[in-house]
Amino acid sequence: MSRLLMCPPDYFGIEYEINPWMRMSNETESHRSQEQWHNLKITLKQKAGAKIELMDPVKGLPDLVFTANAGVIFNGKAVPSRFRHPERQQEERYFIDWFTNQGYEVIDLDSTYYFEGAGDLLAFEDVWFAGYRQRSDFGAYDRLTEVFRKEILPLELIDQRFYHLDTCFCPLSGGELLYFPQAFDEYAQRVIKSRFDPSRRLVVPIQEALRFACNAVCIGRHVVLPTECPETMGLLLQKGYHTHPVELDEFLKAGGSAKCLTLALD
Ligand code: ARG
């Protein structure tokens, strides 16, 4: 059973601009974001069999819905995020409180580094992949290697539209990778190729990468992803996955989609 943390979008909105997707003039519609978030939650539960844990939304913290950025949890240990932008730094204590109340061993990162949690650190079999340069710092990953005792391969993100690793890179349970290569520098593209043979690399076309097709949640053979990504769905179907599209346009206005709205707890 896969457990995921989510936070209801009661106070979600665009109140500042910290990535190229966010425009304060592009207002969100509260009833639509509520409906889309609830559909995502139900789809994850009913179609993908996930168990959903909730945390309380907080007024004045519109991005708290993006629980992928709470931190990283593995083997009972939680490393909370240290956000790059002051706009999101106030979220840190609410995520830390949640981890503490749930009984996780909370491990602080060196305060000299920024680290944005599961938005930038993704597990895949024995190797973990980590995004850096846009939000998380390269330097954070030495300490995370020590804490989690996993090989971590840092990948440089070069396109501001794909500012977290989970916006352009999605390891799948069957050993394949769904990704958008141009979001990475050349060296990172080579590293990725060295770890996934061609038959396992599912390359998402730009127009669907820009719909955040890679921001998908994979649980067993089920993949929950944003709507209007037909080619991506085709690639997944060919590999035997069941695809579950959910409309999440309101969250795309903030630069997020399905995966950003969840945090894997085990
Ligand atoms: N507006 C948020 C930010 O820019 C969106 C976070 C999306 N989260 C993610 N895991 N990609 O920080």
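The values are calculated or read from the model by the stated rules, or taken from the named source; none is laboratory data. For clarity, every value in this text was computed on a predicted model and none was experimentally measured. Every residue, glycine as well, gets a Cβ built from its backbone with ideal geometry; the counts of neighbours run over all protein chains shown. Heads up: the accessible areas ignore ligands, DNA and RNA and are worked out on the full protein's heavy atoms, side chains in. Shrake-Rupley method; radii C 1.70, N 1.55, O 1.52, S 1.80 Å.
Would you point out the residue of segment 107-131, among those that are closer than 23 Å to residue 175 by Cα and of a type in the set (Phe, Trp, Tyr), that is nearest to the ligand (Cβ to nearest atom)?
Of the residues in segment 107-131, the ones closer than 23 Å to residue 175 by Cα are 117-131.
Still in the running and of a type in the set (Phe, Trp, Tyr): 124, 128-129.
Numbers: 124: 17, 128: 16, 129: 14 Å.
Across segment 107-131, the extreme among qualifying residues is 129.
Looking only at segment 5-38, residues that are of a type in the set (Phe, Trp, Tyr) and part of a helix (DSSP H, G or I) come to 1 in all. Condition first: assigned to a helix (DSSP H, G or I) and open to solvent by less than 30 Å² (accessible area, probe 1.4 Å). Now tell me which residues in segment 72-95 satisfy that. Listed by number, the residues that qualify are 88, 91, 95. If the condition is being outside any loop (DSSP other than H, G, I, E, B), in contact with a Leu (Cβ under 6 Å, 6 or more places away or on another chain), open to solvent by 10 Å² or more (accessible area, probe 1.4 Å) and of a type outside the set (Asp, Glu), then segment 39-71 contributes only 52. Quick one: in segment 222-266, which of the residues that are acidic (Asp, Glu) and closer than 19 Å to residue 69 by Cβ is modelled with the highest pLDDT? Ranking the candidates gives 250 first.
Residues in segment 191-206 that are aliphatic (A, V, I, L, M), within 16 Å of residue 236 (Cα to Cα) and open to solvent by less than 70 Å² (accessible area, probe 1.4 Å): how many?
Step one: filter segment 191-206 for residues aliphatic (A, V, I, L, M), giving 191-192, 202-204, 206.
Add one more test, that the residue is within 16 Å of residue 236 (Cα to Cα), and what stays is 202-204.
Retained after the next criterion (residues that are open to solvent by less than 70 Å² (accessible area, probe 1.4 Å)): 202, 204.
Number satisfying all stated conditions: 2.
Taken over segment 151-163, the criterion of being buried (at least 19 other Cβ atoms within 10 Å of the Cβ), without any contact (Cβ under 8 Å) to a residue 40 or more places away in the chain and either assigned to a loop (DSSP other than H, G, I, E, B) or within 16 Å of the ligand (Cβ to nearest atom) (or both) is satisfied by 155, 157. Each residue in segment 37-59 was checked for being in contact with a Phe, Trp or Tyr (Cβ under 7 Å, 6 or more places away or on another chain) and within 16 Å of the ligand (Cβ to nearest atom), and 3 pass.
Name the helices (runs of 4 or more DSSP H) wholly inside segment 164-259 in which the number of residues that are within 16 Å of the ligand (Cβ to nearest atom) is 1 or more. Write out each step before concluding.
Values: elements: 186-195, 206-209, 230-238, 249-252.
Filter on segment 164-259 gives 206-209, 249-252.
Scanning segment 71-99 for residues that are away from the ligand (no atom under 16 Å from the Cβ), out of contact with any helix residue (DSSP H, G or I) (no Cβ under 6 Å at 6 or more places or on another chain) and closer than 27 Å to residue 124 by Cα returns 75, 76, 77, 96, 98, 99.
Output the number of residues of segment 16-31 satisfying the condition of being touching an Asp or Glu at 6+ places or on another chain (Cβ under 8 Å) and open to solvent by 70 Å² or more (accessible area, probe 1.4 Å).
So the first thing to find is which residues in segment 16-31 are touching an Asp or Glu at 6+ places or on another chain (Cβ under 8 Å), and the list is 16, 18, 23-24, 28-29.
From what's left, open to solvent by 70 Å² or more (accessible area, probe 1.4 Å): 23-24, 29.
Total meeting the criteria: 3.
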